[in-house]
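The values are calculated or read from the model by the stated rules, or taken from the named source; none is laboratory data. From a predicted model like this one, the values you see are computed outputs, not experimental measurements. Reconstructed Cβ throughout: ideal geometry from the backbone, glycine too, with neighbour counts over all protein chains shown.
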Amino acid sequence: MGKKISFAASGSTPSRRVEPPARRDLAVSMSLENNRSLTMMNKINTLISWKNIKALLLEYYDVGRSTEGADAYPPLMLLKCLLLQKWFHIPSDPELENQTCPVESERWRYGA
């Protein structure tokens with residue numbers, strides 16, 4: 001669960017040991033091979049013309065035109081997130097962010 005701490009050769013400075021990236025990558029790729037959710041999303045991705053939907057969304061969504069506030073997210077990404085939230089019964093926006101940003105959480109967890 002937690003990181004193992006070992007001491008450096010000098011014996012005075014602790015260092016953190018983490019699982020090697022190659023081993024993590026292998027475990028992740030093995031778990032993704034038969035993932036039904038990813039299979040479904042890949043199928044949907046091939047069936048839907050996202051380019052046309054993006055063009056339609058951009059007609060009604062002002063991206064980056066406001067001089068106030070934070071930068072806006074791309075409307076197609078927001079739509080896809082909304083669909084994921086509904087399809088997978090994700091109860092809140094913070095949980096949606098946690099579920100859709102595993103790379104950042106892995107980077108944080110392993111100190112990369």
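Could you pull out the residue among 56, 47, 76 that is in contact with a helix residue (DSSP H, G or I) (Cβ under 8 Å, 6 or more places away or on another chain) and free of Cβ contacts under 8 Å to residues at least 40 places away in the same chain?
Details: 56 fails: in contact with a helix residue (DSSP H, G or I) (Cβ under 8 Å, 6 or more places away or on another chain); 47 fails: in contact with a helix residue (DSSP H, G or I) (Cβ under 8 Å, 6 or more places away or on another chain).
Matching residue, one of 56, 47, 76: 76.
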Report the residue count in the stretch 8-65 for those that are basic (Lys, Arg), part of a helix (DSSP H, G or I) and either exposed (fewer than 11 other Cβ atoms within 10 Å of the Cβ) or at pLDDT 85 or above (or both).
-> 5
Give the residues of the stretch 66-87 that are at pLDDT below 80, loosely packed, with under 13 Cβ neighbours inside 10 Å and among the aliphatic types (A, V, I, L, M), sorted by residue number.
-> 70
Do the conditions hold for residue 90, that is, is it over 17 Å from the mean Cα position of the chain (by Cα), surrounded by 10 or more Cβ atoms within 10 Å (Cβ to Cβ) and modelled with pLDDT of 85 or more?
-> no
